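Taking it in order: structure first as structure tokens, then the write-up.
The values are calculated or read from the model by the stated rules, or taken from the named source; none is laboratory data. It should be emphasised that the depicted structure is a prediction, and the values quoted were computed from it without experimental measurement. All Cβ positions, glycine included, derive from the backbone under ideal geometry; neighbour counts span all protein chains shown. These accessible areas exclude ligands, DNA and RNA; they are computed on the full protein's heavy atoms, side chains included. Shrake-Rupley method; radii C 1.70, N 1.55, O 1.52, S 1.80 Å.
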Amino acid sequence: MYIAMNRFKVLKGSETDFENIWKNRESTLHEMKGFRTFHLLRGPVNEAENYTLYASHTVWESEDDFLAWTKSQNFRDSHRNAGTGKATTVGHPQFEGFSAIEGA
Ligand code: HEM
């Protein structure tokens with residue numbers, strides 16, 4: 001099992017706009033080989049730095065399946081509008097990938 005996460009720092013006050021981008025997207029992730037689950041996660045608020053932490057979280061059968069998605073037309077299509085429109089985040093997302101050592 002492989003977990004791919006992207007952390008987003010979302011500007012305080014832009015949380016609803018950010019969530020709506022995700023809720024309204026058309027996803028075809030489920031068509032990809034090895035794809036298991038997707039979650040958009042809301043984390044803690046950082047008052048000092050004025051953002052709310054979010055993570056997009058995907059679970060895959062293997063890292064190879066995830067990497068294949070990142071090189072696919074499916075990935076390009078899902079990011080066609082990413083980063084356009086009104087800015088809701090502070091900077092670019094931060095990627096973290098994890099290979100499962102225990103558990104499948
Ligand atoms: C390693 C790189 C990245 C990974 C693994 C990743 C992961 C994902 C996943 C799993 C989705 C949902 C796709 C779907 O359901 O079809 C998504 C969509 C999205 N990603 Fe990424 N992403 C990456 C790079 C980026 C970057 C650099 C940005 C920002 C500039 C970004 C912003 C977004 C946004 C805003 C969406 C919602 C799609 C929409 O606008 O309709 N992602 N990403």
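What the table below lists for this structure:
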read-out	value
Helices (runs of 4 or more DSSP H) within the range 6-104 that include 1 or more residues near the ligand (Cβ under 9 Å from one of its atoms), among the β-branched types (V, I, T) and open to solvent by 40 Å² or more (accessible area, probe 1.4 Å)	15-23, 63-70
Enumeration of residues in the range 31-86 that are out of contact with any Ser or Thr (no Cβ under 8 Å at 6 or more places or on another chain), small (G, A, S) and at pLDDT 95 or above	A48, A55, S56, S62, A68, S72
